[in-house]
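The structure appears below as structure tokens.
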Amino acid sequence: MSPTEPVRGAPRRRWLATLGSAMAFSLAACTVAPEPTGPTMTAPTPAATPGDPTSPAATPESASGTTAIHVVVGEVVLQATLWDNAAGRSLLDQLPLTLPIRDHGQQEKISTPPHPLSMDAMPAGDDPEPLDIGYYAPDRVLVFYYADVGYFNGIARLGHFDTPIDTLVDLADGTTVTIELAK
């Protein structure tokens, strides 16, 4: 065999060598980087937005900027918290209130306060959770949610019940409730 004559299997060896290099490169790319040993950076906490019930300073998880209220149904006192936003403040300005309540859509109890609530700096809409207290601006009604209703334009979240509201859910239409500051 002469040195210029191709050796049988040589192209295959080059192909296998190339494949082996590619696999080694791929495996190296899949390894986990070591944990940093120096100080780590964390994302800054977003600033609170005044009047926004979804901002960090005005959510149920935050005790600042809230007011304890009671919703009284006969002898039963339901504890709730109002958040510090424009609609919540304008409801507080009208307390105490005794209002007739009625069911709406088997998902919420509604009543009309004597004066509309302020929507200044409130979001265009919201997606309240069961046990939330809200205001539906287009109909000017105060809303106690006991089921999920989804997002609607015109909904403003004012607060949240701190206790179960089964007593409220079971009320017949026209029954009155009293909303007052907690004593």
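The values are calculated or read from the model by the stated rules, or taken from the named source; none is laboratory data. What you see is a predicted model; the values in this text were computed from it and never measured. Positions of Cβ are backbone-derived with ideal geometry, glycine not excepted, and every protein chain shown enters the neighbour counts. Side chains included, ligands, DNA and RNA excluded: accessible areas come from the protein's heavy atoms. Shrake-Rupley method; radii C 1.70, N 1.55, O 1.52, S 1.80 Å.
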Next on the checklist: surrounded by 15 or more Cβ atoms within 10 Å (Cβ to Cβ), modelled with pLDDT of 90 or more and in a loop (DSSP other than H, G, I, E, B): is that true of Leu78 in this structure?
Outcome noted: no
Checklist entry - On the given criteria, is Asp162 open to solvent by 60 Å² or more (accessible area, probe 1.4 Å), touching a strand residue (DSSP E or B) at 6+ places or on another chain (Cβ under 6 Å) and of a type outside the set (A, V, I, L, M, F, W, C)? => result yes
Item to check | All positions within segment 168-183 that are farther than 19 Å from Ser90 by Cβ and of a type outside the set (A, V, I, L, M, F, W, C) | outcome: Asp170, Asp173, Gly174, Thr175, Thr176, Lys183
Checklist entry - So Ser90 fits all but one of (1) touching a Leu at 6+ places or on another chain (Cβ under 9 Å); (2) part of a strand (DSSP E or B); (3) of a type outside the set (D, E, K, R); what number is the exception? => result (2)
Next on the checklist: Looking at segment 127-143 only, could you name the residues that are open to solvent by 10 Å² or more (accessible area, probe 1.4 Å) and either touching a Phe, Trp or Tyr at 6+ places or on another chain (Cβ under 6 Å) or under 17 Å from Thr66 (Cβ atoms) (or both)?
Outcome noted: Asp127, Glu129, Pro130, Leu131
Checklist entry - Does at least one position in segment 170-181 carry a residue that is part of a loop (DSSP other than H, G, I, E, B), polar (S, T, N, Q) and surrounded by fewer than 17 Cβ atoms within 10 Å (Cβ to Cβ)? => result yes
